[in-house]
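Have a look at the structure below, then the notes.
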Amino acid sequence: MNYYNEIKNRLIDNEIYSRVKDYSKERHKVIAYFEIGKLLNEVGGKYGDNIIDEYSKKLVVDVGKQYNRRTLFRMKQFYNIFNNSKVSTLWTQLTWSHLRLLFNLEIDSMNYYIKVIIDKRLSVRELEFKIKSNEYERLPTETRNKLISKDSVEVKDLVPNPILIKNKNNIEIITEKALHHLILEDIESFMKELGNSFSFIGSEYKIKIGNNFNYMDLLLFNIEYNCYVVVELKITELKKEHIGQIQIYMNYIDENLRKINQDKTIGIIICKQDNKYVIKYCSDDRIIAREYELV
């Protein structure tokens, strides 16, 4: 096989295809780069990596300056990473720009982000933020084990710890009201931070219990898991009375708002400091606690 001509022809084909078929050019590029990466891996194995330097000098002249040494080695790296049978085959649905951000991740982390990109239709910028904020590493260990073994997960499993809350105005003194305000300033970002498919129902959601009115900090609904989600905000360490409070709210929602085809309400307590013993001895496994961090 004439490796150089084969690589050159595939690159030329990709250049032509990208001008003619805009709707699928990214997928064509990804597949072309993967196949070229395979060829580069083979030729490098036979003649050493210096042959790739030689190819890059010729390809810059024959095809285009973008096909320099660095780009060819990225293609080779791309093939070596995604040829691994443990990597999700869903990567073929991603763009080259998305894939490049995944190159230095561990396989389990990579598989997580591949699924998130597709499920949430992430832009390259959104993916970059998630990777930099260590979203995968912030998932509970139990959740990561479920994802690796491909066990089913619940809505509460995918809520990271800590939860990152944007503090655009650099507020120093945080009260519950201030924390609430920060969340409402960018509620869409907050719901994305919680996980998949959250929608906003209300803030300081008013309910009447007996003769008294109570106000839930946030009431959300998760479309994918078909359940209401009560969120309570605390700027202190988690306390046992916080469990009792949110449990009452959840039971109220189940009795008065939840429809027969919907799952039971989930409770998320966002606090300054978790207390594992309070959660350990809580009899309601629908309730989870997560710390917050201002960014």
**OP:** Could you identify the single residue in 115, 76 that is part of a helix (DSSP H, G or I), at pLDDT below 95, open to solvent by 20 Å² or more (accessible area, probe 1.4 Å) and under 19 Å from residue 30 (Cβ atoms)?
**Re:** 115
Original post:
Of all the residues that make up the range 147-168, how many are open to solvent by 90 Å² or more (accessible area, probe 1.4 Å) and either in contact with a Lys or Arg (Cβ under 8 Å, 6 or more places away or on another chain) or assigned to a strand (DSSP E or B) (or both)?
Top reply: 1
Original post:
When you scan the range 9-54, how many residues do you find that are open to solvent by 50 Å² or more (accessible area, probe 1.4 Å), at pLDDT 95 or above and of a type in the set (Phe, Trp, Tyr)?
Top reply: 0
Subject >> Odd one out for residue 119, checked against (1) charged (D, E, K, R); (2) over 22 Å from residue 90 (Cβ atoms); (3) in contact (Cβ under 8 Å) with a residue 60 or more places away in the chain >> reply: (2)
**OP:** Identify the single condition in (1) closer than 19 Å to residue 127 by Cα; (2) at pLDDT 95 or above; (3) polar (S, T, N, Q) that residue 95 does not satisfy, given that it satisfies every other one.
**Re:** (2)
**OP:** Give the number of residues within the range 207-252 that are of a type in the set (D, E, K, R) and surrounded by fewer than 16 Cβ atoms within 10 Å (Cβ to Cβ).
**Re:** 6
**OP:** Go through 204, 255, 293 for me and flag whichever is open to solvent by 70 Å² or more (accessible area, probe 1.4 Å), part of a helix (DSSP H, G or I) and either charged (D, E, K, R) or within 14 Å of residue 163 (Cβ to Cβ) (or both).
**Re:** 255
Subject >> In the range 79-89, the residues that are closer than 17 Å to residue 150 by Cα, surrounded by fewer than 13 Cβ atoms within 10 Å (Cβ to Cβ) and not β-branched (Val, Ile, Thr) >> reply: 85, 86
Subject >> Filter result for residue 104 (of a type in the set (S, T, N, Q), open to solvent by less than 70 Å² (accessible area, probe 1.4 Å) and not in a helix (DSSP H, G or I)) >> reply: no
Subject >> Unmet requirement for residue 129, which otherwise passes all of (1) closer than 17 Å to residue 295 by Cα; (2) in contact with a strand residue (DSSP E or B) (Cβ under 7 Å, 6 or more places away or on another chain) >> reply: (2)
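The values are calculated or read from the model by the stated rules, or taken from the named source; none is laboratory data. It should be emphasised that the depicted structure is a prediction, and the values quoted were computed from it without experimental measurement. Backbone-built Cβ (ideal geometry, glycine too); neighbour counts: all protein chains shown. The area values use the complete protein model at the heavy-atom level, side chains included, leaving out ligands, DNA and RNA. Shrake-Rupley method; radii C 1.70, N 1.55, O 1.52, S 1.80 Å.
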